[in-house]
Amino acid sequence: MEREREEEMIYRALDYQLTCSKCGHDVTGSRGQQIVMEKFGWFDEWQCENCGLVSDDYGDGPGPEDVREGLLAQFGGFRVRLVEGRDGTVAAARHLREILDYSPAEAIGRLRAAKAGEPLGTAVEVEALVQALRRDGYAYETVAAGSED
Ligand SMILES: [Zn+2]
């Protein structure tokens, strides 16, 4: 069971430096986005090697804006591409509301802009969208922003 969970987990993380809130030791934290058991969310975790204090924050959705921006800068932007079959733009717009809290009009605008080369989101956000579309029966894949159809 644990093994299955690991195989289904998709994530992108960035290391960052902080000072332990308990003892003041330098600590390297890790924060980013993940999909675990089909659930998209963010995390921010660190453990102090000096005093053992553990911090483990996580939640649903894309997480703090600076995490998103860091992930986009480090790993690049991505978009969805139709592999075959029927167009799922309307379904994609609906899912973008759940994933990134876009309004329907904003989601459609972002999807159009992504087709023209703009990034739609981080690798994990777009993968969450692709998985949601696949559950609906639409064959989409994650590709780098700016790549050809
Ligand atoms: Zn500490």
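The values are calculated or read from the model by the stated rules, or taken from the named source; none is laboratory data. Treat the numbers as computed from the prediction; the structure is a model and nothing was measured. Cβ coordinates were reconstructed from backbone atoms using ideal geometry, including for glycine residues, and neighbour counts include every protein chain displayed.
When residues of region 16-50 are filtered for being near the ligand (Cβ under 9 Å from one of its atoms), of a type in the set (G, A, S) and either touching a helix residue (DSSP H, G or I) at 6+ places or on another chain (Cβ under 8 Å) or in contact (Cβ under 8 Å) with a residue 24 or more places away in the chain (or both), how many remain?
The total comes to 1.
For region 129-149, enumerate the residues that are under 14 Å from the mean Cα position of the chain (by Cα) and part of a helix (DSSP H, G or I).
Those that are under 14 Å from the mean Cα position of the chain (by Cα) and part of a helix (DSSP H, G or I): L129, V130, Q131, A132.
Of the conditions (1) within 16 Å of the ligand (Cβ to nearest atom); (2) modelled with pLDDT under 95, L53 clears all except one; give me its number.
Unmet for L53, out of (1) within 16 Å of the ligand (Cβ to nearest atom); (2) modelled with pLDDT under 95: (2).
Out of curiosity, is A139 buried (at least 21 other Cβ atoms within 10 Å of the Cβ), touching a residue at least 24 places away in the same chain (Cβ under 8 Å) and either in contact with a strand residue (DSSP E or B) (Cβ under 7 Å, 6 or more places away or on another chain) or not hydroxyl-bearing (S, T, Y) (or both)?
no
Does R68 fit the bill of being charged (D, E, K, R), in contact with a Pro (Cβ under 6 Å, 6 or more places away or on another chain) and closer than 14 Å to E125 by Cα?
Considered against the rule, which asks whether it is charged (D, E, K, R), in contact with a Pro (Cβ under 6 Å, 6 or more places away or on another chain) and closer than 14 Å to E125 by Cα, R68 comes out as yes.
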